[in-house]
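For reference, the structure is listed below as structure tokens.
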Amino acid sequence: MAKKNKKIRTDFRKNRGSRPRTGDLTRSFSTDDEQRLDAPRDERISGKGELTRKRTVIGQEADADQGGFAVRPEVGGASRRGRVLKVHGLTSVVQAEDGSLHQCVTRRLLRTLSTDQRHVVAAGDWVYFRSDRSGDGIIERIEPRRGVLSRSSRGRQHIIVANVDQIVIISSAAEPYLKPNLIDRFLVTAEQHRIRAVICINKVDLVDRAGLEPLVGVYSRMGYQVLLTSTKTALGIERLRRAMAGGANVIVGQSGVGKSSLLNRIEPELNLRVATVSAESQKGRHTTTTAQLLPLSSGGYVIDTPGIRQFQLWDVIPEEVAGCYRDLRPYVSLCKFPDCTHTHETDCAVKDAVADGRLDARRYESYCHLRAGELE
Ligand code: GDP
Ligand code: ZN
């Protein structure tokens, strides 16, 4: 892609004025922090209202529409590519391509650029940074993102983690009993964010595997990889390890299904680190924003945060649900009413497909539940 310096008119978030205090500790903490770092200056903003103002900056345009933006470097030394493993307040831990770790702050100009998120840099971001001899550095550019997991809070999009390659949905065949509707719910999230999903049914040592075949068939026919595992017999562990190798994996599933046990089987050291993260985020001030990439020896990452595991807060718009069901999707455009909800309408192609067995009845029921806003 050709990049040339050009003037860019851009929105700036006014961050030197006093923000309204809401009594929210996390928020007032980060506001103070930001203001301290931004060293108060005699700059007055007038007439443009409280929210934004325009300023012209010289920079490089790097797919700005996709979230990438570059600012012309001012510091010496080579710019290096790295991956943000963790963001804590205004500091990010960046892993360079040689594996070394760097504590980085973000360039003030990048932080000032108007974005829809609270923190400009997110865990999982690929960035370009410069570091001094001590190893500490400055992030100068964020590469365009894909596979972003986000949720909205107070009307703004909040990125939890960027550049996720895969969502690994863990369920258990028993104890707790298998909940296919919960698997469907996680699949919707994956489809919504256009992230590949892998389904893992753990604890198969507790059941007769033949009984799982119909369900496995339904998901396989839709193109999802389904793995049957047991941490007791080690069945499927190697396949799961291979499925997770090389990419950034978010692990989800209700508690008790065996997520920690599986991670422990895949990489014993990792589990220790997961436990540390959980303990840290319990007491951390940035609890809700903490996502962390934990490197795997296979070259990939496990992205862990207790909040992500449960997916409780994630937005699903009822109208979007059908499009996130791969098996329902082909029928949607064949319904009589363009705004068909596929629940009570006549001449509904989805319901017809269920009636004559082309669509799995359980999947259809889980669609109806989810559309009605029920989680399971
Ligand atoms: P998490 O909450 O999803 O992290 O689940 P844990 O890894 O803590 O496991 C919950 C319980 O299930 C523990 O008592 C594990 O020993 C047990 N468990 C995990 N995997 C298996 C399995 O494959 N088979 C059986 N029978 N029990 C398992
Ligand atoms: Zn319909």
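A compact table of results
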item	result
Cβ-based net charge around Thr346, under 13 Å, with every Lys or Arg adding one and every Asp or Glu removing one	-1
Accessible area in the full protein assembly, largest first, 1.4 Å probe, for Arg326, Arg151, Arg221	Arg221, Arg326, Arg151
Amide proton proximity set for Gln166, modelled H, under 5 Å, gap of 5+	Ala248, Val250
Residues Arg81 and Asp136, FRET efficiency given R0 of 22 Å [Cβ-Cβ distance, rounded to 0.05]	0.80
Contour excess over end-to-end distance, with Cα ends at Ala174 and Thr91 and 0.36 nm allotted per residue	25.6 nm
Label-point separation, Ile317 to Leu101 (7 Å along Cα→Cβ), nm	4.0 nm
Residue-wise HN-Hα coupling along the stretch 226-235, computed from phi with Karplus coefficients 6.51, -1.76, 1.60 (Hz; x: Gly, Pro)	10, 10, 9, 10, 8, 7, 7, 9, 6, 4
For the stretch 122-132, 3J(HN,Hα) per residue [Karplus equation, 6.51 cos²θ - 1.76 cosθ + 1.60, θ = phi - 60°, Hz, x = Gly/Pro]	10, 4, x, 5, 8, 9, 10, 9, 10, 10, 8
The stretch 114-232 - convex hull of the alpha-carbon atoms, volume per residue in Å³	160 Å³
Built amide H within the under 5 Å cut-off of Ile160, gap 5+	Leu149, Ser150, Arg151
In Å², nearest 10: area of Val207 left accessible to a 1.4 Å probe	50 Å²
Inter-label distance for Arg146 and Arg326, nm, one decimal - labels placed 7 Å from Cα along Cα-to-Cβ	1.8 nm
Å² of accessible area per residue within the stretch 333-376, as computed with a 1.4 Å probe and no ligands counted	59 Å²
Two-decimal ratio, the stretch 162-260, of alpha-carbon radius of gyration to 2.2 N^0.38 Å	1.00
³J(HN,Hα), Karplus 6.51/-1.76/1.60, whole Hz, each residue of the stretch 158-165, x for Gly, Pro	10, 7, 8, 7, 10, 6, 7, 8
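The values are calculated or read from the model by the stated rules, or taken from the named source; none is laboratory data. Quick caveat, the model's predicted, so the values are computed rather than measured. Glycine gets a Cβ as well: all are built from the backbone with ideal geometry, and neighbour counts include every protein chain shown. Ligands, DNA and RNA are excluded from the accessible area calculation, which covers all protein heavy atoms including side chains. Shrake-Rupley method; radii C 1.70, N 1.55, O 1.52, S 1.80 Å.
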